Amino acid sequence: MKPVTAEPPLFGRRDPDARGYFGAYGGRFVPETLVAPIEELTAGYFAARADAAFRDELDRLLRYYVGRPTPLYETRRLLEIGGSARRTDDDRSRNPPHVHQERGTGAAASEKHRAADPPIRIFLKREDLTHTGAHKINNALGQALLARRMGKRRVVAETGAGQHGVATATACALLGLECDVYMGSEDMRRQALNVVRMELLGARVRQVDAGSCTLKDAINEAMRDWVTNVADTYYLLGSALGPHPYPLMVREFQSVIGREARAQILEQTGRLPDVVVACVGGGSNAIGIFDGFLDDRNVRLIGVEAGGERIAPGRHAARFAGGATGVLHGTRTFVLQDEAGNIELTHSISAGLDYAAVGPEHAWLRELGRTEYVHISDAEALEGFQMLARREGILPALESAHAVAYTVRMAPDLPAGSVVLVNLSGRGDKDVQSVIEALKLS
Ligand SMILES: *Cc1c(COP(=O)(O)O)cnc(C)c1O
């Protein structure tokens, strides 16, 4: 057997083919007007990737500005049975009773694992502790640096809930780039605070009143702007999605998560994890952490999608549960669509997971049998959120709470002594209002 080292296999080892395909997925499905801008971007990206000075500058910013490496933290009480995690009457009077249901997780764990068994160890990769509070800054900074290297003075981006918009506005402020963020009017209403944040950071927020007035429509508008202004404008896409080279480039900017996590878990446990768990919206935080372990065949890689209310058209965003192969925003992948190929509406309590398509590399890895995908409902994610808050003192983003909830759910079925690595993609301050509303309603 090859010895396990802290260094994951080489940077850029799993590039898609020259046309941007990961197996049957990916590619470049764009109108003619976008071909030239995308070729310019591809050339610019590959040049930057080969440039040690570019990587040094990015590493420096990740370290001193973003706050990397982020800690790897071993949970203390997440799987604890009873104790103050299961609080009693005084607590129950303040909150709806369902909040305290344990869904059998704790009890089942105690049946299957006797007290003498080595406990299951759960480690959180703390992307919530980055500057701006989520992994999105890793990609936003990388691409903003690329924009500057390519001689662009202006950046356009799309945003749904506003997290990617805030990360992009931050990176542009830092690097002195002009910034326009397209956002659906419905999302602007729901995420008014993030609109203000972006404006305070010097970005212009452009309201989109087309279609469902949400993320999908904002992406269309951002692409339109890019085509029109390509001479001085860079399009900064927020997840491992879209036409080649975006899925590759975003993966590479997020793979710092997996590189760090791999070295940290080896240092803290002396071995690789048995399971890595991450939530999957477009798929960037998941591909970033999976990337560190892809060649370690004994490490299970599990992506958690948004199961929403239930798996029925319009009620969820679990592409691998209800989707089929199709094309959205320039890439061939799994898409939620009806039989005529129209994109379905999606729903999730977490805005960051609420998208009809998934990054093409995930579709490919799943087909190869290397990764697995599951889904967690809104209600379960809310429980995960509260569990981590009460038992560890961490408010996770609702997106990340999906990964936490699945980890707790599967723990009783893991062999004693298993080591689980969970990507805590972001912090939950942004979600407090949604949580309050959801708990009131249920
Ligand atoms: C945007 C977001 C996600 C989902 O995006 P991916 O590209 O799938 O990572 C997950 N977690 C947080 C905190 C986010 O802001």
- Residue in the range 415-432 that is nearest to the ligand (Cβ to nearest atom), counting only those that are in contact with a helix residue (DSSP H, G or I) (Cβ under 9 Å, 6 or more places away or on another chain) and more than 28 Å from residue 194 (Cα to Cα): 421
- Item | Matching entry among 61, 79 (being within 23 Å of residue 423 (Cα to Cα) and at pLDDT 95 or above) | 61
- Task: Could you tell me whether the range 409-426 includes any residue that is among the charged types (D, E, K, R) and either part of a strand (DSSP E or B) or out of contact with any Lys or Arg (no Cβ under 9 Å at 6 or more places or on another chain) (or both)?
- Result: no
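Every residue, every condition in (1) more than 17 Å from residue 142 (Cα to Cα); (2) surrounded by 16 or more Cβ atoms within 10 Å (Cβ to Cβ); (3) over 23 Å from the mean Cα position of the chain (by Cα); (4) without any contact (Cβ under 8 Å) to a residue 12 or more places away in the chain, yes or no:
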residue	(1), (2), (3), (4)
170	no, yes, no, no
209	yes, no, yes, no
212	yes, no, no, no
225	yes, yes, yes, no
- Only one residue in 198, 150, 188 is modelled with pLDDT under 95, away from the ligand (no atom under 13 Å from the Cβ) and touching a helix residue (DSSP H, G or I) at 6+ places or on another chain (Cβ under 8 Å). Which one? 188
- Query: Which ranges mark the strands (runs of 3 or more DSSP E) fully within the range 144-250 that have 1 or more residues being among the small types (Gly, Ala, Ser) and farther than 28 Å from residue 334 by Cα?
  - Reply: none
- Residue pairs qualifying under the 6 Å Cβ cut-off, at least six apart or on distinct chains, with the first in the range 257-279 being more than 27 Å from residue 352 (Cα to Cα) and the second being charged (D, E, K, R) and at pLDDT below 95, are 272/296
- Residue by residue through the range 250-276, note down the ones that are in contact with a Lys or Arg (Cβ under 9 Å, 6 or more places away or on another chain), away from the ligand (no atom under 13 Å from the Cβ) and among the hydrophobic types (A, V, I, L, M, F, W, C). 256, 261, 265, 272, 275, 276
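The values are calculated or read from the model by the stated rules, or taken from the named source; none is laboratory data. Remember, it's a predicted structure, so these values are computed and weren't measured experimentally. Cβ: placed from backbone, ideal geometry, glycine included. Neighbour counts: every protein chain shown.
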